[in-house]
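Here the structure is laid out as structure tokens; the discussion comes afterwards.
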Amino acid sequence: MGDTHQRQLPDELLTEIFTLVCCKPISLGVVDGPIWILQRVCQRWWRLARSIPVLWSSFESRSWGSVKRRAVPQHLKTCLKLSGKSPLTTSFSHPVIRPYDMFEDLANHAVRWASFSASWDLLEYIINSTSMMDSIKQQGLFRLRNLEISGLDGLQQSTFLDIFNSATTLEEATLSNIVSASDVSKFPWASLKKLTMINCFFSGENTISIYRAISSLEELTWRHSIIELKSILIIPLPPLHSLTVQDTFNEVTEQFRPQYWRMFRTPSLTNIHIIQDIRYYERISHMIQTSNVKSLKLEKSSTRFLLEIAEHVPGVEELSLTEENQISVALLMLTRDPEANPEAFHLLPSLRKLEIHPNYLATDNFVPSLMECMRSRSNTTTATEQKYSLTAFPLLNVKCNVWDPDGRNYGTSLTAVISLGEELGINVEIQYC
């Protein structure tokens, strides 16, 4: 675009362009970021960019890459000033750049926080700064909707969590390293719709306090965390739609495993994601008693566990498998073969989308198995449906997330899968990681 044409663009159109170009958070201290480059074009662009508050309302601090440390404090002040009254989206999820006192200004704008993410070093500074704590409490966090705090272990957690009492509009929270000794009763659990807990260890009292409060929760992610499971028996479960659990099952004693599986019995549950090496087996009918699950994702779990769980959640429409060593076995299990594998006609009859994450070691085995599974599930004859008294749906989508940076391991094999998908009317998506 020539200079003359550039000058003829109206401010409204330039504003739209600037908003698209600066769609990502500003990286404080990165002087060659989009927002800073735009201002160097001409004086008009400089004035216009600095007059659009939304361009300056989302920023992050990081300690790697082309960061000029001396520029970070000035960038922060500029963002806070030019963002006007816009809600702020801030992320300090990595060890931030010193000096910490530059964040005093951030606390003075706490009433505008819409999303706040901080790692342990910034949290420690906030807790030990009387002025920051008082400023946050006095203003209130009435706009806060998303919160991510990590590294709370060892800090004065109860004191810190108290500052979020006013966050009555909080909808999403990610909490890490909270020990059972912390008093979490004052945290605004009631408004949460999505909760992620990582390395959290709760006593029975805290478990009861949380579960009684999260009446509106729709998505729960529980990673490397332990709760006193016997407390769950006396608490109504929230109306969850999505549940993710990781590496918790083997920490549960056999006595309380039925209570653990009770979390999966919520009638509203439609999405289950299990990241767990489950070696303990019991009847799945005592664990997951719902036909409402539409999306099932399993990582580390054995093929036997997939078979058991699939028998009791027949309504699954989307299945994701990530256990490399057993993907081929799972695909054979899902292949509809009236002679060799008649049970497959009853297994996940509603399956429409299959997602697999094989590694390069599985190349020789999984591709033929995948193609055979696609052929068998591309359509279902009326005779087959009548024979097995079953209405089965054809597979519509297949997605493969493969680790093949050089394109050497899969190559022609995946080309054959794509070609087969076109022939059968199945949409095949290959994503290289």
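So here's what we get for this one:
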quantity: Looking only at the stretch 210-230, and only at residues there that are buried (at least 20 other Cβ atoms within 10 Å of the Cβ), in a loop (DSSP other than H, G, I, E, B) and modelled with pLDDT under 75, the one that is farthest from the chain's Cα centre (by Cα); calculated: ILE227
quantity: Residues of the stretch 50-74 classified as hydrophobic (A, V, I, L, M, F, W, C) and within 21 Å of ARG112 (Cα to Cα), total; calculated: 6
quantity: Helices (runs of 4 or more DSSP H) within the stretch 257-371 that include 2 or more residues at pLDDT 65 or above; calculated: 303-311, 327-334
quantity: Any hit, the stretch 119-137, residues being at pLDDT 90 or above, in a helix (DSSP H, G or I), of a type outside the set (Asp, Glu) and open to solvent by 50 Å² or more (accessible area, probe 1.4 Å); calculated: no
quantity: Top-ranked residue of the stretch 144-168 - restricted to ones that are within 21 Å of the chain's Cα centre (by Cα) and open to solvent by 40 Å² or more (accessible area, probe 1.4 Å), ranked as modelled with the lowest pLDDT; calculated: GLU148
quantity: Residue check, LEU20 exposed (fewer than 12 other Cβ atoms within 10 Å of the Cβ) and at pLDDT 85 or above; calculated: yes
quantity: The stretch 398-433, subset small (Gly, Ala, Ser) and modelled with pLDDT under 60, residue nearest to the chain's Cα centre (by Cα); calculated: GLY407
quantity: Filter result for the condition that a residue is under 30 Å from LEU170 (Cα atoms) and either surrounded by fewer than 17 Cβ atoms within 10 Å (Cβ to Cβ) or modelled with pLDDT under 90 (or both), over ALA107, ALA71; calculated: ALA107
quantity: Single unsatisfied condition, ALA181 versus (1) modelled with pLDDT of 80 or more; (2) more than 19 Å from PHE116 (Cα to Cα); calculated: (1)
quantity: Only one of THR207, THR196, THR174 that is over 15 Å from TRP120 (Cα atoms), at pLDDT 85 or above and of a type in the set (S, T, N, Q); calculated: THR196
quantity: Of all residues in the stretch 34-67 being part of a loop (DSSP other than H, G, I, E, B) and more than 31 Å from the chain's Cα centre (by Cα), the one that is surrounded by the fewest Cβ atoms within 10 Å (Cβ to Cβ); calculated: ARG40
quantity: Number of the condition not met by LEU395 [criteria: (1) closer than 17 Å to GLU429 by Cα; (2) buried (at least 18 other Cβ atoms within 10 Å of the Cβ); (3) at pLDDT below 80; (4) not acidic (Asp, Glu)]; calculated: (3)
quantity: Test: residue in the stretch 23-33 that is modelled with pLDDT of 90 or more, open to solvent by 70 Å² or more (accessible area, probe 1.4 Å) and closer than 25 Å to TYR125 by Cβ; calculated: no
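The values are calculated or read from the model by the stated rules, or taken from the named source; none is laboratory data. All values derive from a computational prediction rather than experimental measurement. When we count neighbours, we look across all protein chains shown, and the Cβ atoms used for this are built from the backbone with ideal geometry, even at glycine. Surface accessibility is based on the protein's heavy atoms, side chains included, excluding ligands, DNA and RNA. Shrake-Rupley method; radii C 1.70, N 1.55, O 1.52, S 1.80 Å.
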